[in-house]
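Inspection log for the structure reproduced underneath, given as structure tokens.
A short reminder: the numbers here are calculations on the coordinates, not readings from a lab. Note that this is a predicted model, so its numbers are computed, not measured. Cβ placement follows ideal geometry from the backbone for every residue including glycine, while neighbour counts extend to all protein chains displayed.
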Amino acid sequence: MFEIVIRYCHFIGIFALFSVLVVEHMLIKRRLTAEEMHRLARWDAVYGISAVVVLLAGLALWFLVGKPADFYTANPIFHAKVTLFLIVAALSVFPTVFFYRHRRTTRESIPVPPVILILIRLELLLLLVIPLLAVLMARGIGLG
């Protein structure tokens, strides 16, 4: 039963991660009011929480429940999947810092650097590849 709960948390975390990133993409504009910036900062906090849930559940699946750790560790597809997740995490740092710094602004509006939208779109694109790698890995592709 513990494995089922961990897998469920992993899936819910993944869905939340992607969903929140889509929300951020929809809310971002060239200039944001203080209220909009505050809202984006809250959504970004949810994004961070969901990323931690995905990471912790993923580590539990790797080392505690399910298939033996060697099944994952020996598979280059798994390493590609983890690497993509880490790249997405790295790409999210700049937007997160930007939202955090401006979350309590009193200015009428804040200009948003264009790179923020580019980073969010790149995160979304890379996140779309991870489930493909997971399916390939689950089928044993990469082992052998």
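Please work out the Cα center distance from the stretch 119-144 to the stretch 1-52, rounded to the nearest Å. Each part reduced to its Cα centre gives a spacing of 19 Å. Rounded to the nearest 10 degrees, the angle from helix 2-27 to the longest Cα principal axis of the chain is 30 degrees.
Between the helical axis of 34-63 and the longest alpha-carbon principal axis of the chain there is an angle of about 10 degrees. Near Phe63, once Lys and Arg are set to +1 and Asp and Glu to -1 for all other residues with Cβ below 15 Å from its Cβ, the sum equals 0. The label-point distance for Ile110 and Leu128, in a model that sets each label 7 Å from Cα toward Cβ, rounds to 2.8 nm.
A simple spin-label model places pseudo-atoms 7 Å from Cα toward Cβ; at Ala69 and His38 they are separated by 4.6 nm.
Proximity of backbone amide H atoms, modeled 1.01 Å from N, is registered between Leu32 and Ile110, Val112 at under 5 Å, excluding neighbours fewer than 5 places apart on the same chain. Its convex hull of Cα atoms gives the stretch 1-119 a direction-averaged projected area, equal to a quarter of the hull surface, of 7.8 nm². This model, with +1 at the C-beta of Lys and Arg and -1 at the C-beta of Asp and Glu, gives the stretch 2-138 a dipole about its Cα centre of some 400 debye. Taking 0.36 nm per residue of separation and subtracting the Cα-Cα distance, full extension of the segment from Met26 to Leu84 would add 18.6 nm. When the P(r) of the stretch 64-117 is calculated, the portion above 17 Å amounts to 58% of the C-alpha pairs.
Relative to the longest principal axis of the Cα atoms of the chain, helix 76-91 runs at roughly 10 degrees. Computed about its Cα centre, the charge dipole of the stretch 1-83 is approximately 220 debye, with only Lys, Arg, Asp and Glu carrying charge at their Cβ.
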